[in-house]
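K.L.:
Okay, handing you the structure first.
The values are calculated or read from the model by the stated rules, or taken from the named source; none is laboratory data. As the structure is a prediction and not an experimental result, all values here were calculated from the model. Every residue, glycine among them, receives a Cβ derived from its backbone with ideal geometry; neighbour counts consider all protein chains shown.
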Amino acid sequence: MAGSVSKRTDSYRDSSGQLRDRPPSWRARYKAPDGRWRSRTFKRRVDATRWLAEQVAAVDRGDWLDPRSGRVTVADWSAGWLDGLHVKPKTHAGYQSLLRSRVLPVFGALELRQVAPADVRGWVAAMVAEGLAPATVARARQVLHAVMSQAVSDGLIRRNPAAGVKSPRVEPRRQRYLTSEELAALADAADAIHPRAGALVAFLGWSGLRWGEAVALRVGSVDVARRRVTVAESATEIAGRLTFGTPKTHETRTVIVPGQVAADLAVLIDGRAPEELVFVSPEGGPLRLSNWRRRVWAPAVTASGVPADLTLHDLRDTAAALMISSGASVKAVQRALGHKSASMTLDVYGGLYVDDLEDLADRLEARYAASRVPRVSRGGDRVATVTRIPL
């Protein structure tokens, strides 16, 4: 690559009109990959030489950046980044909210190249000091990281200033599992408030569907005779507007429910068109989570005697626990809950499989014992065998 360092001298006239020499300076110049000559002037030759060597090395490594890149502001760049995302509406709204409330007030006016790791660390520390939940801090940092990562990929900046900046530890979500008796009591309490509410509670607690998936369930997706429902849609409420789309994993799945739950669904869908929603409000429209939680869920929780802080998501955990205690495999639970992988199911509910280890050990031991054939030692004596003595 062509490049050089040259000494520059020039003159100027002072206020009295006398010609004077300026202090000498050194100009480093090189031909960039885009075919243009780039230069920079320094007071010392050593600084010019060092800068030129850095530019040459960057070109050789293939990570040279146009000096004009990275001058776009974080606000302008993040707007384009957000518009280019292909995510579900709820996820998009969450990113937009975090950008508006957390990222842009601090970094919006800065150019991409001006954001330093120290700035990001200070920002995270300030959010922690403010008392924000660790999960909120982590999500805000993730959004900034994603914005800057795109800028790195597009060649606007060389390094992601959010990379390596740690967020506060997020505690695992509390899990609560109802027994089948507690679930029945909760469903009865909901039924006493509204005739169709109990069927929804029981369905959520036995199927493991997410709230949005349940309220988007269509009559035509219910196969009562085979005790199956097809999960093909999910409802999302954003800023008071309800939208329907694909489930969280964008995949359709089939879930099996107990016969009595299927019978309850049969009553709800009897004589109705396939495209109608199974679960609807008293007025016949789609269910809204905020309204249903206030009018049905909270009073039913109080009346049934289950823990007062029980959440709707706890019904999903309950369904997983009931499946596992009934002998369902990890793969079966994964398919029912709509997890991306079996490893995710184990990460969330692996502790519920611990009780299976004793049963597995007993079954393996029985098979091992059945395969044993008495052996004879070299001396002709029968080899002693070890048998398990119940404790």
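K.L.:
Looking at region 251-268, is at least one residue under 28 Å from the mean Cα position of the chain (by Cα), small (Gly, Ala, Ser) and surrounded by fewer than 13 Cβ atoms within 10 Å (Cβ to Cβ)?
P.N.:
The answer is no; no qualifying residue exists.
K.L.:
Please indicate, with yes or no, whether at least one residue in region 269-276 is exposed (fewer than 12 other Cβ atoms within 10 Å of the Cβ) and touching a Lys or Arg at 6+ places or on another chain (Cβ under 8 Å).
P.N.:
yes
K.L.:
Looking at region 274-289, is at least one residue out of contact with any helix residue (DSSP H, G or I) (no Cβ under 9 Å at 6 or more places or on another chain), within 16 Å of residue 202 (Cα to Cα) and not hydroxyl-bearing (Ser, Thr, Tyr)?
P.N.:
No, region 274-289 contains no residue that is out of contact with any helix residue (DSSP H, G or I) (no Cβ under 9 Å at 6 or more places or on another chain), within 16 Å of residue 202 (Cα to Cα) and not hydroxyl-bearing (Ser, Thr, Tyr).
K.L.:
Which one of 253, 294 is among the basic types (Lys, Arg) and touching a residue at least 40 places away in the same chain (Cβ under 8 Å)?
P.N.:
When all the criteria are applied, what remains is 253.
K.L.:
If we only count strands (runs of 3 or more DSSP E) wholly inside region 174-249, which ones have 1 or more residues that are surrounded by fewer than 18 Cβ atoms within 10 Å (Cβ to Cβ) and without any contact (Cβ under 8 Å) to a residue 12 or more places away in the chain?
P.N.:
Result: 241-245.
K.L.:
For residue 294, are the conditions met, namely being charged (D, E, K, R), out of contact with any strand residue (DSSP E or B) (no Cβ under 8 Å at 6 or more places or on another chain) and surrounded by fewer than 13 Cβ atoms within 10 Å (Cβ to Cβ)? Quick ask: steps written out before the conclusion?
P.N.:
Working: charged (D, E, K, R): yes; out of contact with any strand residue (DSSP E or B) (no Cβ under 8 Å at 6 or more places or on another chain): yes; surrounded by fewer than 13 Cβ atoms within 10 Å (Cβ to Cβ): yes.
Yes; evaluated as a whole, the condition is true for this residue.
K.L.:
Sticking with this structure for a sec: Could you give every pair whose Cβ atoms fall below 8 Å, whose first residue belongs to region 77-95 and is closer than 22 Å to residue 135 by Cβ, and whose second residue is outside any helix (DSSP H, G or I) and of a type in the set (Gly, Ala, Ser), counting only separations of at least 6 or pairs across chains?
P.N.:
Note: pairs meeting the criteria are 78/108; 88/245; 89/245; 93/239.
K.L.:
Sort out which residues of region 250-260 are modelled with pLDDT of 85 or more and either part of a loop (DSSP other than H, G, I, E, B) or in contact with a strand residue (DSSP E or B) (Cβ under 8 Å, 6 or more places away or on another chain) (or both), and write them in order of number.
P.N.:
Here is the first cut: in region 250-260, the residues modelled with pLDDT of 85 or more are 251-260.
Passing the criteria: 251, 252, 253, 254, 255, 256, 257, 258.
K.L.:
If you take just the helices (runs of 4 or more DSSP H) that sit entirely in region 38-108, which of them hold at least 3 residues that are among the polar types (S, T, N, Q), modelled with pLDDT of 85 or more and not assigned by TED's automatic domain parsing to the domain that holds residue 237?
P.N.:
89-98
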